[in-house]
Amino acid sequence: MKRELLSKAFGDIDESYILEAYCPVSEDASGSPERIVHMKKKRIITFALAAALMLALGITAYAVWGIHAARQQELKADLKVEENNVSSYMEYTLPEEEANGLVLLSSVNDGQQQRVYVNISPVTEEEAARFPADTRFAWSIAGTEIGGFAGPQLPSELSLSGEEAVRKAVLENAYDEETQTMTLQCYVDVQFIEKAEAQLGTENVPLQVHLIAGENDTRTFGPVPLSLTEEQNRYFDFGNAVYHDEELDKDIRIIGLELTPFSAVWKVSYEGAAAFHTPEADQDAYAPWSILEDKVCIETEIIFSDGSAFSTGGALTCPFEDGVVNLNCGWGSAINIDDVRQIVLDDLVLWEAR
């Protein structure tokens, strides 16, 4: 809390009490010694109450500010930002007092999504405990019809199964009971931000976050200004390498890899690829190619200088664009894209540092 707000809190104490407590009693004043003692006690009590009020307000404000600062540090550590030289990760300046119940903590552009980490408050413990059954979260851009999903921010390495496990993890990791604060991640499509910027004619779009309890009870936090941040990426050209799968007896051309600290886009091509990525696709005919797509994403190893290997995991989406299939993958904590030494699928070396 700002110093001037504490001063105001002190100044808002009823002036009659302060004057009464402050008014000196002369030696000639009538009245018993007991009255003088009472006045001195009241002066001490009044100022003690004022000091207690200032302290209480200060502690409350510090607790609110403190949870924002603590969450920033937890996010940075969990996402492994510093150890992997993630220059695209941006932390926002914290407000000295609550701002519309919505506080921006940090953000990173993974090429496909602007991952925006926020705190919202107040959220009751009951509301927090009802996620995901009866409590849901969403984001939107004020003044547009653009919006999407938001969810409690949980440790990136956490693996959960079942509603009760999720509920417990949310209360332990994403919720602060003392300040009634919930930490969320908003998954904001980069194209949505660009569309909102065009519609509103501004580079700072008004982000809102919504808590939906039950069917119709919606509470809105914000808005706060949000802008698109710079993407940090690296492209690996595989020179149209061809991988032959002996079991399927099929060839897939692996063209290249777009890599960010939090995401990857594998670019591949094969016979009939365009037709298989349409709503009318023959799913039976596509099945072996789908297996090959997964193999490229999951079984290819990205090897770092210390010898450790990383898999990008399965593709979340696989649109056919510009004559190639784009296998879009994403993960929780960052990798160091400047430390890649080799990229290998089985015995096929796709790329290596020279």
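The values are calculated or read from the model by the stated rules, or taken from the named source; none is laboratory data. All values derive from a computational prediction rather than experimental measurement. All Cβ positions, glycine included, derive from the backbone under ideal geometry; neighbour counts span all protein chains shown. The accessibility values were calculated without ligands, DNA or RNA, using every heavy atom of the protein model including side chains. Shrake-Rupley method; radii C 1.70, N 1.55, O 1.52, S 1.80 Å.
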Hits in the stretch 256-305 - residues which are within 25 Å of Tyr187 (Cβ to Cβ) and of a type in the set (Phe, Trp, Tyr): Phe262, Trp266
Residues located in the stretch 169-186, provided they are in contact (Cβ under 8 Å) with a residue 24 or more places away in the chain and open to solvent by 90 Å² or more (accessible area, probe 1.4 Å): Glu177, Glu178
Residues of the stretch 119-151 satisfying the condition of being touching a Phe, Trp or Tyr at 6+ places or on another chain (Cβ under 8 Å) and either of a type in the set (Val, Ile, Thr) or closer than 25 Å to Gln191 by Cβ (or both): Ile120, Val123, Phe137, Ala138, Trp139, Ile141, Ile146, Gly147, Gly148, Phe149, Ala150, Gly151
The stretch 291-317 residues that are among the polar types (S, T, N, Q), paired with ones that are open to solvent by 50 Å² or more (accessible area, probe 1.4 Å) and part of a helix (DSSP H, G or I) (beta carbon under 7 Å, 6 or more apart): Ser311/Ile298
Within the stretch 224-261, considering residues that are surrounded by 15 or more Cβ atoms within 10 Å (Cβ to Cβ) and basic (Lys, Arg), the one nearest to Glu301 (Cα to Cα): Arg253
Residue check for Val166: open to solvent by less than 70 Å² (accessible area, probe 1.4 Å), touching a Gly at 6+ places or on another chain (Cβ under 9 Å), touching a residue at least 12 places away in the same chain (Cβ under 8 Å) and more than 18 Å from Glu74 (Cβ to Cβ): no
Filter result for the condition that a residue is of a type in the set (Val, Ile, Thr), surrounded by 15 or more Cβ atoms within 10 Å (Cβ to Cβ) and touching a Gly at 6+ places or on another chain (Cβ under 8 Å), over Val324, Val265: Val265
Top-ranked residue of the stretch 107-134 - restricted to ones that are open to solvent by 40 Å² or more (accessible area, probe 1.4 Å) and out of contact with any helix residue (DSSP H, G or I) (no Cβ under 9 Å at 6 or more places or on another chain), ranked as nearest to Ala165 (Cα to Cα): Glu126
Selection count, the stretch 301-354, where residues are farther than 22 Å from Asp245 by Cα and among the polar types (S, T, N, Q): 5
The stretch 85-106 - residue that is buried (at least 22 other Cβ atoms within 10 Å of the Cβ) and of a type outside the set (Val, Ile, Thr) and, of those, farthest from Glu164 (Cα to Cα): Tyr89
Qualifying positions in the stretch 268-318 - part of a helix (DSSP H, G or I) and charged (D, E, K, R): Asp284, Glu293, Asp294, Lys295, Glu299
Cβ-Cβ under 8 Å pairs, at least 6 apart or on other chains, the stretch 268-280 side closer than 20 Å to Val242 by Cα, far side loosely packed, with under 13 Cβ neighbours inside 10 Å and among the aromatic types (Phe, Trp, Tyr): none
Test: residue in the stretch 302-317 that is more than 28 Å from Asn109 (Cβ to Cβ) and open to solvent by 30 Å² or more (accessible area, probe 1.4 Å): yes
Qualifying residue in the stretch 337-354 (condition: in contact with a Gly (Cβ under 8 Å, 6 or more places away or on another chain) and open to solvent by 30 Å² or more (accessible area, probe 1.4 Å)): no
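When the residues of the stretch 218-265 are narrowed to those that are touching a residue at least 40 places away in the same chain (Cβ under 8 Å) and in a loop (DSSP other than H, G, I, E, B), which ends up farthest from Ser121 (Cα to Cα)?
So in the stretch 218-265, the residues touching a residue at least 40 places away in the same chain (Cβ under 8 Å) come out as 221-224, 226, 228-234, 236-238, 241, 243, 245, 248, 250, 252, 254-255, 257-265.
Still in the running and in a loop (DSSP other than H, G, I, E, B): 228-230, 232-233, 248, 261-262.
On the way: Leu228: 24, Thr229: 25, Glu230: 29, Gln232: 32, Asn233: 34, Leu248: 53, Pro261: 30, Phe262: 28 Å.
That would be Leu248.
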